[in-house]
Amino acid sequence: MEALAALGGGFAVALAPHNLALALIGCVIGTAIGVLPGIGPLNAIALLLPFCLALKLPPESALILLAAVYYGSGYGGRITAILLNMPGEPSAVLTTLDGHPLARQGRGAAALAVSGVGSFLGATLSVVLMTFLSVPLARVAVAFSPADYVALIAFALSLLGAVSDAPAPKAWAAGCLGVLLALVGVDSGTGVERFTLGSLELLGGVEFTVLAIGLFAIGEILLLAEQRVRAEAAKLGGGRGLSLRELAACLPAMLRATGIGFVIGVLPGAGASVASALSYTAEKRMHGTDGRFGQGDLRGVAAPETADNAAQIGNLVPMLSLGIPGSGTTAVLLGALLMYSITPGPLLFAQRPEVAWGLIASMYIGNAMLLLLNLPLVGLFARLLLVPASVLYPGVLALSFAGVYAVSNSAFDLLLALGFGVLGWWLRKLGVPLVPIVLGFVLGRMLEDNLRRALALSDGEVLALLHSPVSLALWAMTAAALLWPLFRRRAA
Amino acid sequence: MTASRLLGAVLILLAAAAAFSAQSLVVPFAADPLGPRGFPTTVAAVLGVCGALLLIPRGEPFAWPERRLAPWLLVAAMAGYALLLAPLGFLPATALLAGLVALVFGAAPLPALATGVGTSLLLWALFDRLLDLPLPRGGLG
């Protein structure tokens, strides 16, 4: 088994003491930010990225740390959802439906335990699937021509409108904004300055960390300052713990949720929120008569939490194998790799096995760490909810600016990050999703580069973009994704 | 005018500006068939179409979101921070910023002061002592 040998090499990387320590730090930070409302994995990774660069961590170590924050957040979101009836992460919305009633009935500890086990199971089984599927998928993608890549990226961007909660034109417009932001600076193909508005600082383009920290970390705090919501926590203690029989009863639901979550995660565009909603609905349909869904059914906690973590891992598959991120957070991880001059995609597994396999191996270890951290220490993480907003957000904001400064040492970038913060705040108020902006930003240059290559190969003949069966199929799917919102609106 | 339609209009203006600015891009010799102009112009066109789609009135009118002063106070504090960081140095500037943010988030003056000083000392210890990352020293060094 080729994959197992490669995975062995990955474990050699992941088991190095400093990488183990980074995975543990990432898991703790991930769970913590999952608990805290207002800070998600996306902001946290954007905030940590400057540290990785400034400390000159090797790319595989940086990715191990950042990815641990990413999948660790899937363990933390449930704590807030169950105890506060407030999702710590958007993908934990469904967990509130049964999780909070359970907590009110004094069974919060059982709900937390079953969701912890579910998170572990969903994530670990998905890592197993990823171990065996990534390389075959990458092999398919190696044969892709630049024209095929143009079609693939266009498809990924068109899906933004089809799967977003927001109106499709808003999602697509946000994607276009991201692409245009990516074009700022000296064009690598022709050496021409574009959209720099005469500013010297913008010649090198918009720094990815500045955009991500500005839009997400600063923008979120501006939004929070306007809304000021704070909820009361349900008590954790007391009540019966989780019995083995109850856990066994949840097992089939967890396995189904893993399947749903992984498949949804691998599809570009659809993320953990869709996966957890689908698997919750599936369980509710199956057990409609004998279940107490909505009033505190353990399976109603297990299914969405399992699917959430499975989808998070599934999201990483197209990011690593194709170089196309499936969600906002994986787009940030991709951006992190690009800052290290590593281009994820079909050649990553062959050329930088220590990065690709080191990450996959570290996820086996990280998820085991998370299970051990989360079962006994869940009370400690729940304490984080007691930190008042007036202490938490000043810290996050100061950390945002310090992080931007550590990378760039320029007041200009601090102001630029503030500008993106105001932009993110206003776009959110107007119902424009921000995730397409980062996706467009990381995919924009890739799209133009591949378009350029494709047109150079065809001597400027535009119809050559449709020549291969792969690109034809992808363009057809793109057209379907563009038309889908029309039908969706009729149906609703 | 609903917020959604105003957004559409702004997006159309932005698309027009981007497309206009892209047309001024010229390369002395054409190395590749696409050039620097084609791609941004296409993206600007798509953006313009999205903006136009937002002009079409929809079922429910999208009301103006709530507006408060607090976020603008934060914006002013952050802009001041960006400009004062180098001359003041990291510790005082960050203490000032974090203290102001704490006030905006509803802290009383004394706890806000404590949050400000505590945050800046903690971050300074993390960046400067533990991780050895560059921070501006300012006049107080």
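The values are calculated or read from the model by the stated rules, or taken from the named source; none is laboratory data. No experiment lies behind these values; they were computed from the predicted model shown. Methodologically, a virtual Cβ is constructed for each residue, glycine included, from the backbone with ideal geometry; neighbour enumeration extends over all protein chains shown.
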Does A:Leu137 satisfy being assigned to a helix (DSSP H, G or I) and buried (at least 20 other Cβ atoms within 10 Å of the Cβ)? no
From the list A:Thr190, A:Thr196, which one is within 14 Å of another protein chain (Cβ to nearest Cβ), more than 30 Å from A:Gly77 (Cα to Cα), in contact with a strand residue (DSSP E or B) (Cβ under 7 Å, 6 or more places away or on another chain) and not in a helix (DSSP H, G or I)? A:Thr196
Got a sec? Which of A:Leu129, A:Leu159 is crowded, with 21+ Cβ neighbours inside 10 Å and in a helix (DSSP H, G or I)? A:Leu159
With the first residue restricted to region A:92-109 and required to be free of Cβ contacts under 8 Å to residues at least 24 places away in the same chain, and the second required to be in a helix (DSSP H, G or I), Cβ contacts under 7 Å at 6 or more apart or on different chains are A:Thr96/A:Ala81
Against the condition under 26 Å from A:Gly326 (Cβ atoms) and at pLDDT 85 or above, how does A:Val396 come out, does it pass? no
Quick test for you: out of A:Gly38, A:Gly34, A:Gly8, pick the one residue that is modelled with pLDDT under 95 and at positive phi. A:Gly38
Failed item, numbered, when A:Val435 is tested on (1) in contact with a Ser or Thr (Cβ under 9 Å, 6 or more places away or on another chain); (2) more than 30 Å from B:Ala3 (Cβ to Cβ); (3) away from every other protein chain (no Cβ under 12 Å): (2)
Taking first residues from region A:39-51 that are buried (at least 24 other Cβ atoms within 10 Å of the Cβ) and second residues anywhere that are hydroxyl-bearing (Ser, Thr, Tyr), the pairs with Cβ under 6 Å that are 6 or more apart or on different chains are A:Pro41/A:Tyr70; A:Pro41/A:Ser73; A:Pro41/A:Thr329; A:Leu42/A:Thr329; A:Leu49/A:Thr209; A:Pro50/A:Thr209
Could you list, in sequence order, the residues of region B:13-28 that are under 25 Å from A:Val150 (Cα atoms) and either more than 9 Å from every other protein chain (Cβ to nearest Cβ) or small (Gly, Ala, Ser) (or both)? B:Ala15, B:Ala16, B:Ala18, B:Ala19, B:Phe20, B:Ser21, B:Ala22, B:Gln23
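I'd like to know if region A:408-427 contains one or more residues that are touching a residue at least 24 places away in the same chain (Cβ under 8 Å), buried (at least 18 other Cβ atoms within 10 Å of the Cβ) and more than 25 Å from A:Gly175 (Cα to Cα).
Checking region A:408-427: at least one residue is touching a residue at least 24 places away in the same chain (Cβ under 8 Å), buried (at least 18 other Cβ atoms within 10 Å of the Cβ) and more than 25 Å from A:Gly175 (Cα to Cα).
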Given the conditions (1) closer than 30 Å to B:Phe105 by Cβ; (2) modelled with pLDDT under 80; (3) within 8 Å of chain A (Cβ to nearest Cβ), report the number of the one that B:Ala63 does not fulfil. (3)
Which of the residues that make up region A:168-185 are more than 8 Å from chain B (Cβ to nearest Cβ) and not in a helix (DSSP H, G or I)? A:Val184, A:Gly185
Could you list, in sequence order, all residues of region B:91-133 that are among the acidic types (Asp, Glu) and either facing another protein chain (nearest Cβ under 7 Å) or part of a helix (DSSP H, G or I) (or both)? B:Asp128
Any residue in region A:440-448 that is closer than 22 Å to B:Ser4 by Cβ and either without any contact (Cβ under 8 Å) to a residue 40 or more places away in the chain or touching a Leu at 6+ places or on another chain (Cβ under 7 Å) (or both)? yes
For region A:445-464, check the following and say yes or no: at least one residue is out of contact with any Ser or Thr (no Cβ under 8 Å at 6 or more places or on another chain), in a helix (DSSP H, G or I) and exposed (fewer than 14 other Cβ atoms within 10 Å of the Cβ). yes
Can you name every residue in region A:64-86 that is of a type outside the set (Gly, Ala, Ser) and crowded, with 24+ Cβ neighbours inside 10 Å? A:Ile64, A:Leu65, A:Leu66, A:Val69, A:Tyr70, A:Tyr71, A:Tyr75, A:Arg78, A:Ile79, A:Thr80, A:Ile82, A:Leu83
Among (1) over 17 Å from A:Ala173 (Cβ atoms); (2) not in a helix (DSSP H, G or I) - the single one A:Pro433 does not satisfy: (1)
Name the residues in region A:397-422 that are more than 7 Å from chain B (Cβ to nearest Cβ), closer than 19 Å to A:Gly40 by Cα and of a type outside the set (Val, Ile, Thr), would you? A:Ser400, A:Gly403, A:Ala417, A:Phe420, A:Gly421
For the subset of region A:351-363 comprising residues that are over 18 Å from the mean Cα position of the chain (by Cα) and touching a residue at least 12 places away in the same chain (Cβ under 8 Å), which member is surrounded by the most Cβ atoms within 10 Å (Cβ to Cβ)? A:Trp357
Report, by residue number, each residue of region A:382-396 that is over 23 Å from B:Asp132 (Cα atoms), more than 7 Å from chain B (Cβ to nearest Cβ) and in a helix (DSSP H, G or I). A:Ala382, A:Arg383, A:Leu384, A:Leu385, A:Leu386, A:Leu392
